[in-house]
Every structure is written in structure tokens, then in C-alpha cells.
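A quick write-up on the structure given underneath.
Throughout, read-outs are computed from the coordinates displayed, never taken from laboratory work. Remember, predicted model here, so these are calculated numbers, not experimental data. Cβ sites come from the backbone with ideal geometry, for glycine too, and all protein chains shown count toward neighbours.
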């Protein structure tokens with residue numbers, strides 16, 4: 001399949017903070033490496049980290065100056081190198097976010113994350129090595145593929161598909177109403193108007209929950225420890241409220257007393273991504289429920305502003321082609 005010599009991408013500006021998005025024209029090589037795969041990107045979804053990189057002090061690690069933004073995408077294979085074995089023209093694929101994490105057993109403390117220290121996905125075409133790509137489930141649309149990045153709401157759908165009863169918290173009754181409409185077993189708690197600990201213990205017969213998904217950051221750990229049951233787990237996956245906290249280290253003794261654990265999750269490996277796609281395909285999980293709004297490629301700056309507003313419930317998608 002033929003492909004153009006140039007394509008458009010949205011890059012972070014190199015101006016003083018706060019930075020913005022700048023539309024750029026980039027070139028594709030005339031030939032591919034033996035294990036290279038050229039993909040045409042159809043849709044991109046945004047994460048909090050993408051907006052945080054535009055603000056001074058909001059992202060914890062260095063990022064590429066003028067780098068292409070975003071990390072999640074759904075794409076189509078349009079050309080392959082002569083040694084590529086896993087993929088064919090027309091396959092629906094996505095790259096793993098950390099290009100250095102294939103099995104998850106790699107011992108590197110650094111990462112090479114898309115849209116951060118490495119080029120991102122908010123572009124029309126990209127080239128990746130075969131080993132970092134994953135085939136996407138066949139029952140989802142381009143936009144639905146990107147719903148898998150909406151951490152809180154996709155977690156609800158995974159719980160439901162696995163037979164787990166989810167409880168979700170928010171400061172907005174409107175947002176809670178949208179999520180609890182997904183399924184009658186979903187419970188919602190407004191943390192501004194209710195005592196979350198009291199409500200969770202009531203819903204769990206006084207035991208607490210088996211698993212806490214924390215995308216707020218370390219400031220929420222004391223509450224997480226109140227909510228988790230004995231032998232339970234807390235996954236620390238985000239930093240929406242920053243990198244500082246105001247609590248005594250003694251609170252961590254609760255980990256010993258409850259025999260629970262806190263697991264930090266920076267991202268996922270290619271193997272993790274493959275397992276997720278297999279689960280979504282097996283359970284035929286429908287993702288359209290977690291898509292909040294779709295923007296055109298030209299409207300990418302408006303999509304970032306909408307992300308920064310915090311008005312969304314679920315995923316913000318940029319339709320590239």
C-alpha cells in the first residue's frame with residue numbers, strides 16, 4: 001500500500017510555560033527497516049498526563065522538547081518491513097505506551113513512554129518496531145478502542161465483565177449518575193456530600209473493599225487504607241492532585257496491621273496490553289459507554305482545553321482520520 005511522504009502532527013510548543021499545541025508537518029522515510037511497521041492513526045485518546053506536560057511542575061519526569069503529544073491510539077497497518085511476521089496490511093493495532101516494557105520483567109527503572117520522553121501518537125502516521133505493537137479486539141470501533149484508556153470508567157467495565165461489584169467516587173452527582181447508569185450493580189458515592197469510609201463499610205458489610213484504584217495520588221493514601229479490607233490491595237496509578245501529601249508516616253503501619261499492599265503502576269507492558277485486549281474480546285466488552293466527546297484532528301487544542309476543564313466523564317477522543 002502506498003503512503004504519503006509527509007503527515008501532520010500536534011507537538012508541544014517550546015515556548016515558556018504554560019505550553020500549547022503546535023501543528024507540524026513531518027516526513028516519512030522512503031524505506032522501512034526490516035522489522036518496522038508503518039501505521040495510519042485513526043483515533044487518539046487523551047490522558048491527564050498529556051495536559052500536565054503543558055504545565056510547569058505538573059508532570060514528574062522530563063519530556064521531549066517539542067515532542068509529539070499523547071500516547072493512546074488506534075491505528076491500521078499500511079506498510080511493513082520485509083522481516084515482519086506478526087502483522088499484515090489492514091490489521092488494527094496500537095503500540096504499548098512504554099516502548100521498553102515488553103514482558104514487564106525488564107529491570108530498567110527508566111522508561112521510553114510515548115508522548116513523553118518519546119514521540120507520541122497525536123499524528124497521522126507513525127513507525128514502530130513490530131515487537132511493541134498489539135492487535136486490537138475486532139468488535140470495537142476506532143473510537144471505542146481508545147475508551148480503554150479512561151482509567152476509572154474502563155475499570156468499572158472490567159469489574160462488571162469479571163463479576164466484581166464496583167464502587168466509584170466523584171464530587172459530581174451528574175458524573176456519578178452517568179456511570180451508575182451503566183449497570184444496576186455499580187454504586188456511586190459523592191465524596192463532597194457523604195462520608196466515603198462510612199458508605200463503603202456499609203456497602204461491604206463492614207469489611208472494606210478488596211481493591212482500591214487510586215488515580216488521585218499519594219494524598220489519598222490515608223483514605224485508601226481506611227477503605228481496603230484485610231489482605232486487600234491498593235493500586236496507585238495516577239497523580240491528579242499532585243505529588244505531595246500531609247499525613248504522618250505512622251499511617252503506613254496500617255499496611256502491616258491489615259496485611260494489605262500498595263502497588264505502584266507506572267504503565268503496562270506489551271504482554272499486559274495483549275491480555276487486556278484478549279479479555280475485552282472474550283467478554284465482548286462495549287466501550288462506547290465510556291466515551292465522553294469526540295473532536296476532529298484540527299480541534300485537538302480544543303480537546304486539550306476540554307480535558308483541562310475536568311467536565312468530562314470517561315474518554316476524550318481525537319478522530320485523526
Taking the Cα atoms of segment 151-264, report the difference between the largest and smallest coordinate on each principal axis, in whole Å and largest first. 39, 28, 25
So in segment 151-264, what percent of DSSP beta bridges are antiparallel if you round to the nearest 5? 0
Using only C-alpha atoms and all pairs of different ones, pull out the Kirkwood radius for segment 53-126 in Å with one decimal. 14.1
How far apart, in nm, are the 7 Å Cα→Cβ label points at residue 308 and residue 78? 3.1
Zone of residue 34's modelled label, taken as backbone nitrogen in segment 67-88 under 16 Å from a point 7 Å along Cα→Cβ: 80-86
What list of whole percents do you get for P(r) of segment 200-321, with Cα-Cα distances grouped in 10 Å bins up to the one holding the largest distance? 11, 27, 34, 22, 6, 0
Spatial separation of Cα centroids for segment 70-138 and segment 260-321, in angstrom: 16
Against the rule of thumb 2.2 N^0.38 Å, how large the Cα Rg of segment 11-96 comes out: 1.32
Return the percentage of antiparallel bridges among DSSP beta bridges fully within the chain, rounded to the nearest 5 %. 60
Of all the C-alpha pairs in the chain, what % are more than 23 Å from each other? 60
Averaging over every viewing direction, what projected area does the convex hull of the Cα atoms of segment 26-153 cover, in nm²? 8.8
Percentage relative contact order, the chain, counting C-alpha pairs under 8 Å, at least six apart: 19
So if I restrict to the alpha-carbon atoms in segment 88-131, what is the Rg, and what is Dmax, the biggest pairwise distance, in Å? 11.8, 35
